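To keep things clear, I will list the structure first and then write my remarks on it.
The values are calculated or read from the model by the stated rules, or taken from the named source; none is laboratory data. The structure presented is a predicted model; accordingly, all values stated were derived computationally and were not measured. In this analysis, Cβ positions are derived from the backbone assuming ideal geometry, glycine residues included, and neighbour counts consider all displayed protein chains. When the accessible area is computed, the model is the full protein with side chains, heavy atoms only, and any ligands, DNA or RNA have been set aside. Shrake-Rupley method; radii C 1.70, N 1.55, O 1.52, S 1.80 Å.
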Amino acid sequence: MPCPCGSPLPFDRCCDRYLRGDASPPTAEALMRSRYTAYTRGDIGYIAATLAADQRGAFDAVAAQAWATRATWLGLRIVSTTRGTESDQDGVVSFVATYREGGKTIAHHEVSQFRRDDDGAWRFVAGDTRAVVTEPKRATGAKVGRNDPCPCGSGKKYKFCCGR
């Protein structure tokens with residue numbers, strides 16, 4: 001099964017090992033991808049565990065679980081990464097996570113900051129977010145004018161028939 005994070009690797013060779021705790025993400029981007037995957041799977045425990053210690057008190061696990069469950073996750077696109085390699089102590093990842101919720105498609109654009117903890121593990125520090133809601137496209141058929149014949153076939157003008 002492909003990994004939800006968009007990597008070409010299968011899930012069991014990509015984010016699954018991080019979610020299970022068998023390995024730690026080696027880069028800030030790998031942590032960000034694994035956090036996205038955790039949201040798609042409703043694994044809020046992983047989301048909480050990968051927060052920087054100073055961010056854990058403000059985390060609302062109930063709200064995160066509700067959001068993760070409500071959303072239909074459609075994909076992840078990495079926009080850019082700055083630092084965050086195996087030799088860095090901090091990094092920034094810009095990404096767009098697309099999901100559907102309440103009949104709308106939402107492109108959640110976030111620029112996230114990461115840093116290494118004292119134990120060397122990458123942690124999420126903060127994110128600057130912007131969500132763009134895309135309305136479903138409507139059919140763009142020809143409009144019926146008020147004085148045109150009604151399309152229902154009654155023989156009346158539209159304004160005196162279905163246009164009332």
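Run through the DSSP bridge list for the chain and note the antiparallel percent, rounded to the nearest 5.
Antiparallel: roughly 95 percent of the beta bridges in the chain.
Would you kindly derive the ³J(HN,Hα) couplings of segment 15-21 from the backbone phi angles with the Karplus curve 6.51 cos²θ - 1.76 cosθ + 1.60 (θ = phi - 60°), listing them in order in whole Hz, with x for Gly and Pro?
Rounded to whole hertz, the list is 6, 4, 5, 6, 5, 6, x.
Starting from segment 1-101, pick out the chymotrypsin sites (Phe, Trp or Tyr not before Pro) whose DSSP state is loop and whose Cβ has at most 15 other Cβ atoms within 10 Å.
Those that pass, being in a loop and sparsely packed, are 59.
Can you give the calculated 222 nm mean residue ellipticity of the chain, where each DSSP H run of n ≥ 4 adds -39,500 (n - 2.57) and the sum is split over every residue, rounded to the nearest 500 deg cm²/dmol?
-6000 deg cm²/dmol
Considering the chain as a Gaussian network with a 10 Å cut-off on Cα pairs, which listed residue, 84, 127, 103, attains the greatest mean-square fluctuation?
103
Counting only protein heavy atoms, what percent of the accessible surface of the chain is carbon or sulfur at a 1.4 Å probe?
Its accessible area is 51 percent carbon and sulfur atoms.
Can you list the aspartates and glutamates whose alpha carbon is less than 17 Å from that of residue 157, not counting same-chain residues fewer than 8 positions off?
Within the straight-line limit of under 17 Å, residue 157 reaches these aspartates and glutamates: 148.
Output needed: percent of Cα pairs per 5 Å distance bin for segment 22-73, bins running from 0 to the one holding the longest distance.
4, 20, 28, 25, 16, 6, 0
Could you give the angle, 0 to 90 degrees to the nearest 10, between helix 61-70's Cα long axis and the longest principal axis of the Cα atoms of the chain?
For 61-70 against the chain, the angle is about 40 degrees.
Which residue fluctuates most in the GNM of the chain (Cα springs below 10 Å): 129, 27, 40?
Fluctuation is largest for 129.
Hey, what's the chain come to in accessible area per residue, 1.4 Å probe, Å²?
It amounts to 60 Å² per residue over the chain.
At 1.002 mPa s and 20 °C, plugging the Kirkwood radius over alpha-carbon pairs of segment 1-44 into Stokes-Einstein gives what diffusion coefficient in µm²/s?
213
Please give the direction-averaged projected area of the C-alpha convex hull for the chain, in square nanometres with one decimal.
14.0
Name the residue, out of 58, 48, 121, whose mean-square fluctuation peaks in a Gaussian network model built on the chain with Cα pairs under 10 Å.
Result for the chain, Cα springs under 10 Å: 58 fluctuates most.
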